[in-house]
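Shown next, in structure tokens, is the structure this report addresses.
Just so it is clear, none of the values below were taken in a lab; they were calculated from the coordinates. Fair warning: this is a prediction, and the values are worked out from it, not measured in the lab. Every residue, glycine among them, receives a Cβ derived from its backbone with ideal geometry; neighbour counts consider all protein chains shown.
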Amino acid sequence: MRSVSPLWLAFLLAPAALTMLVFVAWPLLGAFRYAFFDFNGLATAGFAGLHNFTDVLFEPPWSAWTFQALRHNIVVFAALMIVQNGLAYLIAFALLKALPGHRLHQVIVFLPVVLSAVIVGFLWKLLLHPLFGVVNALLAAIHIQGPPWLGDAETALPSIILANLWHWTGFPALIFLAAMQRIPAETLEAARLDGATDGVLLRRIIWPLVAPAATIIFTLTFIGSFNWFELPYVMAGLSGAPGGATDVLGLYFYRTAFGSVSSGLQDFGHGSALAVLMFAFLAAVSSVALRLLRRREVDIG
Amino acid sequence: MKADRLSAGLIQALLLLNALFMLTPIAVMGLSAFKTNAELFASPMALPEAFSLDNLRTIFRETSFLLYLGNSVLITAASVAVLLVFATMASYAMARYAFRGRETLLLLFLAGLMVPLKLAIIPLFVQLDWLGLIDSRPGLVLVYVAMGLPSAIFILTGFLRALPGELEEAARIEGASEARVLWQIMLPLARPALIIAGIQNAVPIWNDFFFPLVFLTTDRLKTLPQGLTVFMGEFNTDWGVLFAGLTLSALPITLCYILLSKQFIAGLTQGAVK
């Protein structure tokens, strides 16, 4: 490692440092500052104290919207944790066996991951159309009358979760797979010689050994579920149709900050308060969860 | 063993079912692009009767598809290029030179990995407006560069640190300048890491919808995901055209993925696996 002239160093470091300063650090500070102000368009219009925060948390109708959206995010998170990650774990195990065609399967399961959420959202919106969609056509072929999917408050959110499942399952699957492939072959061989079935392998041997990968996947699932925006925006619209049944924090935040189609009202003060609360919530939960998950890695490893 | 064969069969069945689930929507999308509306509504699962090219023609003649596509290519290419140049310069300095505060600086850059920039969208918007960069390509590009720098620096410093020093020293003894060592000796060696960092950032930028939605309002500047929402609205009831639009929009990245699937998978799962 050598020392060089400060000028050459500054030349190398300045572009990246300046970009980060201007487009990450400064806006981030701004996000906290703005939450304490009233806004008139793009300009601040007086100190607001804590009232932006108290409004969105306790003052109806804000509070009702906030907690309805939060509830939906929690449902999304739970569903993705169990179904998407569970499926991914099974698929990873199936791929680990390296049966004929496993490389092709790997490419197939990851294909939707590279598509944009906008394409995936519109595609599933068409597939789930109650009258002309393929899904209900397939169900009709086995004499099942399909539900109106996105049109019904009961099935709308699960429909978007299904699209998310299709879009993203390949991602945790291949991360689990990479972790499983790092387990020494002798370990698995020894367990098998002791008579361990696939079920036992999955639960007792592999699960603890892929705990670090699980930590990352769980954290990403959490952050992803609470930043959910594109899919519900495309499939259910900015107001979370029908009747707010699919409203999530991302949509609610965007509507508050930049206005909806019906009302072009921008409200940067309340929007910023929401952003700060979401940021604090994500940071707090992920740091506690990370600590617990890391401890779990040690305990079961 | 019988049990082994049984479980192998079960596993193959699981994989086949999964492949069917993953591929059917894409097959339906691609095939429906060649169907008339009458065919689509009568039998959504059937093969197209005549492979009509009318829907594709409509997309090219009556929508701004090519314009949106061009914008996406331009913005993605510019963002990734600037990003890789900035990230390589900074990573090189932090990986190969000794100076005070080096570790702290690196940590500050990596702290950016934790920042969900979406939540800072309001101040970002105000700031771009103040800089006169709202509703402009350079503004969007700079935001993408900032967003991608932490992960690119993470990958590149790790890689550059591990490179051996002999070549570098030999070049210096022959009188090569520091800039020449970076450009002609180290950069070619860093190619694998540059490809990974490039793909890791190019895919999310290409697919991004949120930032263009907020920052770009002029139709002439819109990117493909954003443009898609425009013509999905316009051709609302013309399903053949909708499917054709989706197929054409998915085509570029799908082709790249099929050609470079190994690099795509490595690039996109990299951050998580390490």
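For a distance above 27 Å, tell me the whole-number percent of Cα pairs in chain B that qualify.
On the way: 20678 of 37401 pairs.
In whole percent, the long-distance tail amounts to 55.
Can you give me the convex hull volume of the Cα atoms of the range A:6-47, divided per residue and expressed in Å³? Each step should come with its number before you reach the end.
Details: hull volume 3.5 nm³, N = 42.
With only Cα atoms used, the range A:6-47 gives 82 Å³ per residue.
With a Förster radius of 22 Å applied to the C-beta separation of A:Phe32 and A:Arg71, the computed FRET efficiency comes to 0.25. Taking all Cα-Cα distances within the range B:174-261, those exceeding 22 Å account for 52%. Among B:Ala27, B:Ala202, B:Ala152, the largest mean-square fluctuation in a Gaussian network model of chain B, built with springs joining Cα atoms closer than 10 Å, belongs to B:Ala27.
When you filter the trypsin sites (Lys or Arg not before Pro) in the range B:157-242 for DSSP loop state and at most 13 other Cβ atoms inside 10 Å of their Cβ, nothing is left. The fraction of all Cα pairs in the protein assembly as shown landing in successive 10 Å bins from 0 to the largest distance is 3, 15, 25, 27, 19, 9, 2, 0, 0, given as whole percents. Counting only residues at least eight positions apart within a chain, or on another chain, the aspartates and glutamates with an alpha carbon under 15 Å from that of B:Lys222 are B:Asp135, B:Asp208.
Under the rule of -39500 (n - 2.57) per DSSP H run of 4 or more residues, summed and divided by the residues of chain A, what mean residue ellipticity at 222 nm is obtained, to the nearest 500 deg cm²/dmol?
On the way: 15 runs with 193 residues, N = 301.
Calculated mean residue ellipticity at 222 nm is -20500 deg cm²/dmol.
Just counting partner chain Cβ atoms within 10 Å, what average do the residues of peptide B:147-154 show around their Cβ?
On the way: counts 4, 1, 7, 3, 0, 1, 2, 0.
If you average over the peptide's residues, the count of other-chain Cβ atoms is 2.
So how much slack lies between A:Phe47 and A:Leu193, counting 0.36 nm per residue of separation and subtracting their Cα-Cα distance, in nm? Intermediate values should be presented prior to the final figure.
Details: separation 146, 0.36 × 146 = 52.56 nm, distance 7.05 nm.
Stretched out fully, the A:Phe47 to A:Leu193 stretch lengthens by 45.5 nm.
For the segment B:25-35, counting C-beta atoms of other chains within 10 Å of every residue's C-beta and taking the mean gives 3.
Give the Kirkwood hydrodynamic radius (Å, one decimal) of chain A, defined as one over the mean of 1/r across all pairs of different Cα atoms.
On the way: mean 1/r = 0.0444 Å⁻¹.
Radius from the Kirkwood sum: 22.5 Å.
For the range A:88-194, the list of chymotrypsin sites (Phe, Trp or Tyr not before Pro) that fall in a loop by DSSP and count at most 16 other C-beta atoms within 10 angstrom reads A:Phe132.
Given in Å, the Rg to one decimal and the Dmax to the nearest whole number for the Cα atoms of the range A:1-159 are 25.3, 77. Beyond a 31 Å Cα-Cα separation, which of these cross-linked pairs lie in this structure: B:Lys35/B:Lys118; A:Lys97/B:Lys262; A:Lys97/B:Lys118; A:Lys97/B:Lys35; B:Lys35/B:Lys262? Cα-Cα > 31 Å for B:Lys35/B:Lys118; A:Lys97/B:Lys118; A:Lys97/B:Lys35; B:Lys35/B:Lys262; rest within.
Each Lys or Arg adds one and each Asp or Glu takes one away; over the other residues whose Cβ falls under 15 Å from the Cβ of B:Trp239, this sums to -2.
Within chain B, the selection of entire DSSP H helices by a Cα span of 20 Å or greater along the long axis and an average Kyte-Doolittle value of at least 0.0 returns B:2-32, B:65-96, B:137-162, B:191-207, B:239-259. Computed over chain B, the per-residue total of -39500 (n - 2.57) for DSSP H runs of n ≥ 4 gives a 222 nm mean residue ellipticity of -24000 deg cm²/dmol, rounded to 500.
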